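Below is one structure, written out as structure tokens, with a few remarks after it.
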Amino acid sequence: MSAVELERRGRIALILVDHPPVNAISQAVRAGIIETVRQADTDDDIDAIVLGARGRTFMAGADITEFGGPPKEPGFPEVIAALEGAAKPVVAAIHGTAYGGGLELALACHYRVAQEDARLGLPEVNLGIIPGAQGTQRLPRLAGVALALEMIVTGAPIDADTAFKAGILDEIVIGDRIDGAVAYAQKLADAGAPQRRISNVEVPREGLDDQVFDEFRKAMAKKARGLFAPEQAIKAVEAAVALPFEEGVRRERELITECMRHPQSKALQHAFFAERQTARVPDLPKDLDRRDIARIGIVGGGTMGSGIALACANAGLAVNLVEQDEEGAERAMATVTRILDGMARKGRIAEAERDSRASRITVSSAMEDLGHADLLIEAVFENLDVKKDVFRTLDAVAKPGAILATNTSYLDIDAIAAVTDRPADVVGLHFFSPANIMKLLEIVRAEKTAAHVLATALAFAKSIGKVPVVARVCHGFIGNRMLEGYVREAGLLLLETGDPEPIDKAVYEFGYPMGPLQMGDLAGLDIGYMLRQAAPADRYDPNAYRVMDRLVEMGRKGQKTGGGIYDYEDGARTQSAKTLTIAKEEAAAAHIARRDMPAQEIVERCVLPLINEGAKLLEEGIAIRASDIDVTYLYGYGFPRWRGGPMFYADGLGLDHVLARIEHYRGRLGERWWTPAPLIEKLASEGKSFKQYDKDRGVR
Ligand code: COA
């Protein structure tokens with residue numbers, strides 16, 4: 001099978017790219033397009049050329065797997081020259097997602113038509129680069145600077161209708177895209193239409209003043225914080241305005257080359273592939289019979305339960321939510337309605353859509369109502385006995401073959417499964433709050449969870465738009481177990497610095513959306529407090545929580561109570577004199593000397609424990625692969641994506657360096673929390689990385 005085929009439809013040459021799954025523009029595709037365009041262009045029986053693709057999408061981009069390797073000829077410039085330089089009209093026939101290099105090749109064609117549900121975009125910034133096949137020079141010429149900036153700098157795709165109105169598309173095809181494109185091409189040929197070459201067009205000057213770029217930079221500042229590629233993308237569009245086409249293309253090349261060399265592009269490309277790996281569980285046979293999941297039952301209508309209900313209803317699933325009494329059930333429905341109303345008010349969904357999502361959720365106080373559910377998710381209070389009770393009831397009411405899931409974030413799922421007569425049907429589904437928004441779903445595979453139950457849980461995650469990560473049972477699974485060290489060090493640092501601000505600032509500047517103490521306030525300091533109260537005394541470092549515990553005991557539980565580590569009197573976060581006093585008192589009581597702390601030490605103290613615990617999770621087999629841990633932290637805990645995740649970040653530092661720094665802190669802070677994971681010692685001594693460790697075990 002060839003990656004590019006040439007067919008004839010009357011007097012139209014039809015070039016079809018056929019390179020599953022997404023028609024990424026590999027070397028074979030590039031060579032194939034050049035060759036078929038040449039054949040069609042020199043064939044006297046051909047009037048015009050259509051470039052389309054087989055399968056689920058038009059070309060969805062350059063082949064990312066070629067990035068970083070030696071250049072393979074022919075490159076994009078030759079393909080573009082062949083398309084744009086053709087002596088016969090060339091029409092791109094777009095369906096699915098014309099992304100990145102795919103859209104750039106379409107922009108090299110003389111005309112573009114698309115199916116009405118097609119999407120067009122230049123998402124390269126998400127991979128830490130910019131379009132490098134003249135897209136930054138062509139799109140502003142065709143669509144104007146404002147839309148081009150928006151698409152190239154944010155990476156957000158647009159729909160066919162928007163593209164048509166902006167002049168990117170010449171026609172929207174209803175029905176078969178190929179038939180439509182062929183008819184359109186024949187019409188052009190019959191009319192003697194000229195080859196419209198975007199490289200000959202000037203960037204439209206209308207509405208273009210000196211302020212445009214500065215204003216755009218200002219508007220992007222927050223979103224692009226810490227990122228390298230968006231500024232490069234702005235510079236490339238500036239070049240399109242300031243320079244003749246060929247010079248602009250050269251400038252684009254310089255800018256993308258700088259991106260390619262920047263560590264962020266490696267990290268972002270790692271993240272792209274890592275999130276596509278997580279659903280691969282090595283010992284899970286591919287041809288398992290998954291169960292159909294159409295109706296979801298949820299026990300508990302608090303923040304978590306109602307968020308999960310919404311996540312499922314948003315994806316078109318029917319939901320029965322059960323609360324303890326009618327009042328609780330109504331409260332849960334009110335929560336759901338409030339969120340949906342908010343989405344409708346902000347224009348994110350139409351009113352009819354809001355109503356249909358709400359109508360998929362039924363609330364009641366009768367557990368028997370869950371008897372028809374295919375998947376039952378328990379989201380009640382985080383207490384083992386309470387959860388066991390719920391599972392006894394679920395075991396009694398659920399239909400045979402239903403999956404029973406717990407949303408616990410810490411507890412022993414094997415113990416929960418053991419109270420049922422069907423432990424093979426029990427699995428952990430750890431959602432993150434707000435569950436209708438956060439993309440991470442930790443799927444916890446208990447000792448007896450059946451393979452097809454796990455496979456069904458993975459498919460369910462995908463069906464509701466979540467990124468699943470599979471974990472085994474342990475206290476806190478992957479994400480929360482690692483978090484303990486991060487939060488502990490933040491608490492200790494608070495005693496040492498006496499001031500929360502430098503701690504949060506250092507972590508924010510590392511790239512997190514907020515620091516650990518701000519996060520504590522947002523999540524609620526009482527959550528950790530309750531966990532610690534219920535845990536064995538030696539589980540935690542008592543010094544680490546001295547300040548938090550006192551704050552909780554005086555009713556300062558965080559943002560929700562108007563004050564925690566910080567004050568939130570008018571909604572805005574401000575330094576709290578109370579916290580400063582408590583920190584001073586507690587530091588004195590614990591005999592901890594106050595000192596100024598360099599930002600680098602703060603970051604190391606918070607991030608090295610994540611890496612160390614991550615290594616233990618890998619070694620124990622709790623996490624399948626290092627990149628799964630990265631995905632957990634990117635999607636569930638705000639670790640900066642452009643750093644690739646804690647394990648990728650560690651590889652970048654070098655595990656010998658990581659080891660040396662952990663040993664340094666062991667020397668200063670003691671071995672209780674700072675003993676290096678044996679895996680780090682081993683890999684460092686072998687000069688290996690976590691990535692290599694995954695590769696050696698064949699899980700990459
Ligand atoms: N190059 C190489 N492989 C690619 C690719 C690309 N540009 N885009 C997707 N793939 C691979 C994925 O890694 C995945 O491989 P796997 O099945 O071995 O894991 C497979 O194609 C399917 O992709 P997936 O993302 O799972 O499918 P989807 O239907 O959910 O989404 C896209 C399809 C095209 C929207 C999405 O893959 C995407 O956004 N791709 C990147 C587009 C891009 O950034 N293009 C610009 C590159 S310069």
Scan region 509-539 for residues that are within 27 Å of the chain's Cα centre (by Cα) and either more than 23 Å from D628 (Cα to Cα) or part of a loop (DSSP other than H, G, I, E, B) (or both) and report the count.
16
Helices (runs of 4 or more DSSP H) wholly in region 68-154 with at least 2 residues that are over 24 Å from the mean Cα position of the chain (by Cα) and within 16 Å of the ligand (Cβ to nearest atom) - which ones?
76-85, 101-108, 135-143
Could you list, in sequence order, all residues of region 170-204 that are loosely packed, with under 12 Cβ neighbours inside 10 Å and not in a helix (DSSP H, G or I)?
I174, G175, G192, P194, E202
Is it true that some residue in region 308-317 is within 16 Å of the ligand (Cβ to nearest atom) and either assigned to a loop (DSSP other than H, G, I, E, B) or open to solvent by less than 10 Å² (accessible area, probe 1.4 Å) (or both)?
yes
What are the residue pairs meeting all of these: first residue in region 672-686, first residue over 16 Å from G654 (Cβ atoms), second residue hydroxyl-bearing (S, T, Y) and open to solvent by less than 20 Å² (accessible area, probe 1.4 Å), Cβ atoms under 7 Å, and 6 or more apart or on different chains?
W674/Y665
Unmet criterion (only one of (1) open to solvent by 40 Å² or more (accessible area, probe 1.4 Å); (2) modelled with pLDDT of 95 or more) for L679
(1)
K466, sole failed condition from (1) among the basic types (K, R); (2) under 16 Å from I377 (Cβ atoms); (3) touching a Phe, Trp or Tyr at 6+ places or on another chain (Cβ under 7 Å):
(3)
Within region 1-53, how many residues turn out to be under 16 Å from A189 (Cβ atoms), among the acidic types (D, E) and in a loop (DSSP other than H, G, I, E, B)?
4
If R594 meets every condition in (1) in contact with a helix residue (DSSP H, G or I) (Cβ under 8 Å, 6 or more places away or on another chain); (2) farther than 30 Å from A279 by Cβ; (3) open to solvent by 40 Å² or more (accessible area, probe 1.4 Å); (4) at pLDDT 95 or above apart from one, which number is that one?
(4)
All conditions in (1) more than 16 Å from Y99 (Cα to Cα); (2) open to solvent by 40 Å² or more (accessible area, probe 1.4 Å) are true of P157 except (1)
Quick one: how many residues across region 56-67 are crowded, with 16+ Cβ neighbours inside 10 Å, more than 6 Å from the ligand (Cβ to nearest atom) and within 13 Å of L127 (Cα to Cα)?
0
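Could you say which residue among I629, I611, I582 is touching a Lys or Arg at 6+ places or on another chain (Cβ under 8 Å), β-branched (V, I, T) and either open to solvent by less than 30 Å² (accessible area, probe 1.4 Å) or farther than 30 Å from A274 by Cβ (or both)?
The conditions single out I582.
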Flag if F690 is within 30 Å of the chain's Cα centre (by Cα), at pLDDT 95 or above and either over 25 Å from P502 (Cβ atoms) or surrounded by fewer than 17 Cβ atoms within 10 Å (Cβ to Cβ) (or both):
yes
Among helices (runs of 4 or more DSSP H) entirely within region 610-700, at least 3 residues that are among the aliphatic types (A, V, I, L, M) occur in 626-636, 646-653, 655-669, 678-686
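Out of M530, M548, which single residue is at pLDDT 95 or above, open to solvent by 10 Å² or more (accessible area, probe 1.4 Å) and either of a type in the set (A, V, I, L, M, F, W, C) or over 30 Å from K223 (Cα atoms) (or both)? Even if it seems obvious, please write down each step before you answer.
Values: M530 fails: at pLDDT 95 or above.
Being at pLDDT 95 or above, open to solvent by 10 Å² or more (accessible area, probe 1.4 Å) and either of a type in the set (A, V, I, L, M, F, W, C) or over 30 Å from K223 (Cα atoms) (or both) holds for just one of M530, M548, which is M548.
Hey, which of the helices (runs of 4 or more DSSP H) in region 226-296, taking only ones fully inside, have at least 3 residues that are within 16 Å of the ligand (Cβ to nearest atom) and open to solvent by 40 Å² or more (accessible area, probe 1.4 Å)? Give the steps one after another, and end with the answer.
On the way: elements: 229-242, 245-261, 263-277.
In region 226-296, the matching helices (runs of 4 or more DSSP H) lie at 245-261, 263-277.
Look at R38 and say whether it is at pLDDT 95 or above and under 26 Å from T162 (Cβ atoms). Reasoning before the result, please.
Working: at pLDDT 95 or above: yes; under 26 Å from T162 (Cβ atoms): no.
So R38 fails the test.
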Within region 18-55, the residues that are more than 12 Å from the ligand (Cβ to nearest atom), among the β-branched types (V, I, T) and in contact (Cβ under 8 Å) with a residue 12 or more places away in the chain are I33, I34, T36, V37, I46, I49, V50
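Condition test on A684, is it touching a helix residue (DSSP H, G or I) at 6+ places or on another chain (Cβ under 9 Å), at negative phi and open to solvent by less than 30 Å² (accessible area, probe 1.4 Å)?
Spelling it out, A684 is indeed touching a helix residue (DSSP H, G or I) at 6+ places or on another chain (Cβ under 9 Å), at negative phi and open to solvent by less than 30 Å² (accessible area, probe 1.4 Å).
The values are calculated or read from the model by the stated rules, or taken from the named source; none is laboratory data. The structure presented is a predicted model; accordingly, all values stated were derived computationally and were not measured. As a convention, Cβ positions derive from the backbone with ideal geometry for all residues, glycine included, and neighbour counts pool all protein chains shown. Remember, those area values only see protein heavy atoms, side chains included, never the ligands or the DNA or RNA. Shrake-Rupley method; radii C 1.70, N 1.55, O 1.52, S 1.80 Å.
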